[in-house]
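The values are calculated or read from the model by the stated rules, or taken from the named source; none is laboratory data. In this text, all values refer to a predicted model and were calculated from it rather than measured experimentally. Quick reminder, even Gly has a Cβ in these numbers, built from the backbone with ideal geometry, and neighbours come from all protein chains shown. Areas reflect the complete protein model, heavy atoms only, side chains present, ligands, DNA and RNA absent. Shrake-Rupley method; radii C 1.70, N 1.55, O 1.52, S 1.80 Å.
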Amino acid sequence: MSTAPQAGGRRTVVTGIGVVAPGGPTRDAFWQLLVDGRTATRPITFFDATGFRSRIAAEVDLDFRAAGLTTHEIARTDRFAQFAMIAADEAVADSGLDLTGDGSAGGAGSVDHDRLSVSLGSAVGATMRLEDEYVQVSDAGKDWVVDPSYGSRFLHQVLLPSSAASELAVRYRAHGPASVMSTGCTSGLDAVGYASQLVEDGDADVVIAGAADAPISPISVACFDAIRATSARNDSPESASRPFDATRDGFVMGEGGAVLVLEEYEHARARGAHVYCEVSGFANRSNAFHMTGLRPDGVEMSAAIDDVLRQGRFDASAVDYVNAHGSGTKQNDRHETAAVKRSLGHHALETPMSSIKSMVGHSLGAIGSIELAACALAIEHGVVPPTANLENPDPECDLDYVPKTARDAELDVVLSVGSGFGGFQSAVVMNSLRARS
């Protein structure tokens with residue numbers, strides 16, 4: 001059960017969604033892929049991965065010019081920023097907001113640009129472009145003698161992880177706070193969570209919030225190869241990402257981005273906007289334990305879950321669906337199973353919980369926002385996405401992970417959780433407007 005929001009309290013709702021994901025480079029294509037339970041993993045095509053332990057990834061097929069970017073925009077930005085721009089354009093169009101004027105004329109869809117903000121997450125930023133630039137500068141026929149004259153004139157821009165947030169701020173003339181979250185694999189959750197706080201605290205009426213990453217490059221693949229965190233199921237890439245399965249052997253790297261338009265509820269209602277759901281709680285914790293290790297009891301993730309449910313004023317028994325981090329590593333899946341059981345108690349056994357990483361891979365910082373887009377669409381359509389490739393459940397992972405097939409269900413309260421290298425643990429709770437009636 002829940003209680004009504006306090007009188008006069010500002011509420012954050014989702015009025016626009018944009019997604020660029022493997023196998024689904026638009027919001028609708030992404031959702032259809034999830035509903036169908038299809039996977040988007042394949043052998044890496046971006047570079048010759050011969051010799052790598054893991055040679056598979058979930059890549060995005062997208063013609064950036066066809067998606068609306070100009071030649072100059074493509075030239076000056078990294079792939080991750082391009083994902084962010086395309087997803088943001090789709091989300092803004094979906095929201096019905098008019099960001100072309102200055103807001104002074106008023107009317108439906110009008111926005112005060114001084115109260116328009118950007119909150120973006122990225123774990124690794126311009127990895128692909130920087131790696132290419134390094135090769136160009138250091139090995140351009142000079143026998144590894146560094147010659148900066150070979151660098152791109154846009155190198156200063158791609159060097160900065162904030163470049164994508166800057167692009168979005170300029171694109172929509174957002175004069176409010178603009179920020180970048182880089183908290184590893186929880187970056188997308190944290191960016192959206194922080195954005196919701198901007199709205200609730202009265203610092204913004206509308207926030208373009210989300211995350212993007214394009215990490216499928218030799219340096220990133222080598223990084224996770226070195227610690228054997230990624231799957232080496234190279235002979236059957238479509239079944240390599242298998243969260244909660246006893247035969248899982250690591251995550252599958254992905255790429256992409258998602259952007260949500262977050263809006264103050266009364267602002268959205270005044271213009272008659274379509275509302276997907278409300279963002280009613282955000283919390284993060286650090287386990288202060290190990291760069292890659294997790295405490296098996298899941299106590300820090302559980303604390304974040306408990307906090308967001310308190311913020312949303314929901315009992316544990318109100319949760320209808322848990323969107324899992326579900327990376328497919330041995331320790332993560334057991335860790336978050338323990339955390340959900342600790343927080344939801346007996347209700348955890350009755351609550352569907354699934355991982356969309358089984359279908360679109362793990363796009364590092366971007367995946368949190370992609371998962372929140374999936375949660376908003378799940379509430380909208382009344383469908384729980386499945387966990388693909390789950391055939392032989394790990395005995396220590398004993399919850400309802402919705403194996404292989406999507407499930408119809410009325411969803412009023414949805415919890416999304418994330419876990420990142422460095423000990424970051426985050427949780428966001430979303431709810432339908434029905435949950436407040």
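Some points to look at:
- Within region 324-338, considering residues that are part of a helix (DSSP H, G or I) and of a type in the set (S, T, N, Q), the one most open to solvent (accessible area, probe 1.4 Å): Gln331
For (1) hydroxyl-bearing (Ser, Thr, Tyr); (2) part of a loop (DSSP other than H, G, I, E, B); (3) over 27 Å from Ala232 (Cα atoms), each residue gets a yes or a no:
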| site | (1), (2), (3) |
| --- | --- |
| Arg10 | no, yes, yes |
| Val20 | no, no, no |
| Phe30 | no, no, no |
| Leu34 | no, no, no |
| Ala40 | no, yes, no |
| Phe52 | no, yes, no |
| Gly68 | no, yes, yes |
| Gln82 | no, no, yes |
| Ala91 | no, no, yes |
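- Region 291-303, residues that are buried (at least 24 other Cβ atoms within 10 Å of the Cβ) and within 25 Å of Cys277 (Cβ to Cβ): Met301
- Among residues of region 276-287 that are over 18 Å from Gly210 (Cβ atoms) and of a type in the set (Ser, Thr, Tyr), those with a Cβ under 8 angstrom from a residue that is open to solvent by 20 Å² or more (accessible area, probe 1.4 Å) and assigned to a strand (DSSP E or B), sequence gap 6+ or separate chain, pair up as Ser286/Phe424.
- Single unsatisfied condition, Ala66 versus (1) more than 30 Å from Pro403 (Cβ to Cβ); (2) touching a helix residue (DSSP H, G or I) at 6+ places or on another chain (Cβ under 8 Å); (3) modelled with pLDDT under 95: (2)
- Count - residues of region 369-403 that are farther than 17 Å from Ser241 by Cα and outside any loop (DSSP other than H, G, I, E, B): 14
- Of residues in region 339-356 being touching a residue at least 40 places away in the same chain (Cβ under 8 Å) and open to solvent by 30 Å² or more (accessible area, probe 1.4 Å), the one nearest to Val299 (Cα to Cα): Arg342
- Just one residue in the set Glu200, Glu167 is in contact with an Asp or Glu (Cβ under 9 Å, 6 or more places away or on another chain) and closer than 16 Å to Ser122 by Cα; that residue is Glu167.
- Output for region 26-52, where each listed residue is touching a Lys or Arg at 6+ places or on another chain (Cβ under 7 Å) and either on the phi > 0 side of the Ramachandran plot or surrounded by 16 or more Cβ atoms within 10 Å (Cβ to Cβ) (or both): Gly37, Ile44, Ala49
- Filter result for Asp203 (of a type in the set (D, E, K, R), surrounded by 24 or more Cβ atoms within 10 Å (Cβ to Cβ) and in contact (Cβ under 8 Å) with a residue 60 or more places away in the chain): no
- Answer residue from region 304-323, given it is polar (S, T, N, Q) and outside any strand (DSSP E or B) and is surrounded by the fewest Cβ atoms within 10 Å (Cβ to Cβ) among those: Ser317
- When Ala226, Ala246, Ala191, Ala212 are checked against the criterion of being over 19 Å from Ala21 (Cα atoms) and at pLDDT 95 or above, Ala246 stands alone in meeting it.
- For region 225-240, the criterion of a residue being at negative phi, without any contact (Cβ under 8 Å) to a residue 40 or more places away in the chain and not hydrophobic (A, V, I, L, M, F, W, C) is satisfied by at least one position.
- Asp61 of a type outside the set (Lys, Arg), touching a residue at least 60 places away in the same chain (Cβ under 8 Å) and either assigned to a loop (DSSP other than H, G, I, E, B) or open to solvent by 10 Å² or more (accessible area, probe 1.4 Å) (or both): no
- The residue of region 206-232 that is farthest from the chain's Cα centre (by Cα), among those that are aliphatic (A, V, I, L, M), surrounded by 24 or more Cβ atoms within 10 Å (Cβ to Cβ) and more than 20 Å from Met128 (Cα to Cα), is Val206.
- Check on Glu371, open to solvent by less than 10 Å² (accessible area, probe 1.4 Å), charged (D, E, K, R) and under 22 Å from Ala435 (Cβ atoms): yes
- The set of residues in region 215-239 being in contact with a strand residue (DSSP E or B) (Cβ under 8 Å, 6 or more places away or on another chain) and in a loop (DSSP other than H, G, I, E, B) consists of Pro215, Ile216, Ala229, Ser231, Arg233, Asn234.
- The residues on offer are Ser2, Ser54, and the sole one that is over 19 Å from Glu167 (Cα atoms) and at pLDDT below 95 is Ser2.
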